[in-house]
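Have a look at the structure below, then the notes.
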Amino acid sequence: MNRKPIFAANWKMNKGPSETEIFLKSFLPKIHGQDFPCEIVIAPPFVSLPKISEILRDASAGSDGQPVRIGAQDCSCHDAGAYTGEVSVFMLRELLVQYAIVGHSERRTIQGESDTLIHAKLRKAREAMLKPVFCIGETLAQRESGELERVLSTQVAEGLRGLDPKDVLETVIAYEPVWAIGTGVTASSAQAQEAHALVRSLVAGLHGADAASRVRILYGGSVKPDNAAELMACPDIDGALVGGASLEPQSFFEIIRRGCGRP
Ligand code: 13P
């Protein structure tokens, strides 16, 4: 099954508008004309979305498409109203956002987001035709106590519960083992492949073999230029969600280049 890889940068709480501009001035010329067979997504903080959309609109003027797609790091599960600090999916659409990360482990842990809330956000993102990047993953304690399958199975079942087949296909799953995020410890390619195959089988159980063979599953957790090619060679890994190593234009470029198998 032909699944187009995605390399997505999750900048977390880094880079306001001026640093976003500096990054893009360096990064866009690097990818220009490379025609990588993948989608490149950058998810900056909310306040930098107007800047990135303005720069990408200008960069794509007169050419046949935007070189980079824009992601948001979160979205509200509500339409509008008295939700201080929240940003709606419709506001994101106005800024040309195409992807929205939901359920990142930092939000699950620090903001206490539940599977139910994450499911509501995922559904709301689809209402606005955004592609959710739905994050799942186990902690080290859960892995070591043999709970990997139970944890992933609950997260996948709760997140994708009752979705239309089309919405499942427009959702991108990101498997991010919590113990590998920002720690410098990467899951081995064997561990990552095993978890990705498990997630794909869980999707098959919920939404059928066709959806499972077409849905894209990204790996996240200390992805770097040095391990991108090995991870991407795994049959069930369809790209990467990159934190720290996406903050520097050359390193994000190298992840994409090596991940696409370019010499
Ligand atoms: P690091 O690449 O910094 O480990 O972060 C991964 C991540 O959380 C991406 O969403």
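The values are calculated or read from the model by the stated rules, or taken from the named source; none is laboratory data. As the structure is a computational prediction, the values presented were derived from the model and not from experiment. Every residue, glycine among them, receives a Cβ derived from its backbone with ideal geometry; neighbour counts consider all protein chains shown.
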- Failed item in (1) more than 18 Å from the chain's Cα centre (by Cα); (2) surrounded by 14 or more Cβ atoms within 10 Å (Cβ to Cβ); (3) farther than 24 Å from CYS135 by Cβ, with ARG57 passing the rest: (2)
- Query: Could you list, in sequence order, the residues of the range 83-112 that are surrounded by 18 or more Cβ atoms within 10 Å (Cβ to Cβ), within 16 Å of the ligand (Cβ to nearest atom) and assigned to a helix (DSSP H, G or I)?
  - Reply: SER105, GLU106, ARG107, ARG108
- Query: Within the range 28-59, how many residues are farther than 24 Å from GLU94 by Cα and not polar (S, T, N, Q)?
  - Reply: 9
- Could you figure out which of (1) more than 26 Å from ALA120 (Cβ to Cβ); (2) part of a loop (DSSP other than H, G, I, E, B); (3) aliphatic (A, V, I, L, M) isn't true of MET13? (1)
- Considering only the range 1-59, state which residues are among the polar types (S, T, N, Q) and closer than 30 Å to PRO235 by Cβ. ASN2, ASN10, GLN34
- Restricted to the range 1-50 and to residues being away from the ligand (no atom under 16 Å from the Cβ), within 20 Å of the chain's Cα centre (by Cα) and among the basic types (Lys, Arg), the residue surrounded by the fewest Cβ atoms within 10 Å (Cβ to Cβ) is LYS4
- Query: Hey, PRO67 hits all of (1) surrounded by fewer than 17 Cβ atoms within 10 Å (Cβ to Cβ); (2) at pLDDT below 95; (3) in contact with a Ser or Thr (Cβ under 8 Å, 6 or more places away or on another chain) but one; which does it fall short on?
  - Reply: (1)
- Query: Looking at the range 205-254, which of its residues are within 16 Å of PHE134 (Cβ to Cβ), touching a Pro at 6+ places or on another chain (Cβ under 8 Å) and either touching a residue at least 60 places away in the same chain (Cβ under 8 Å) or within 15 Å of the ligand (Cβ to nearest atom) (or both)?
  - Reply: ARG216, GLY221, ASP238, GLY239
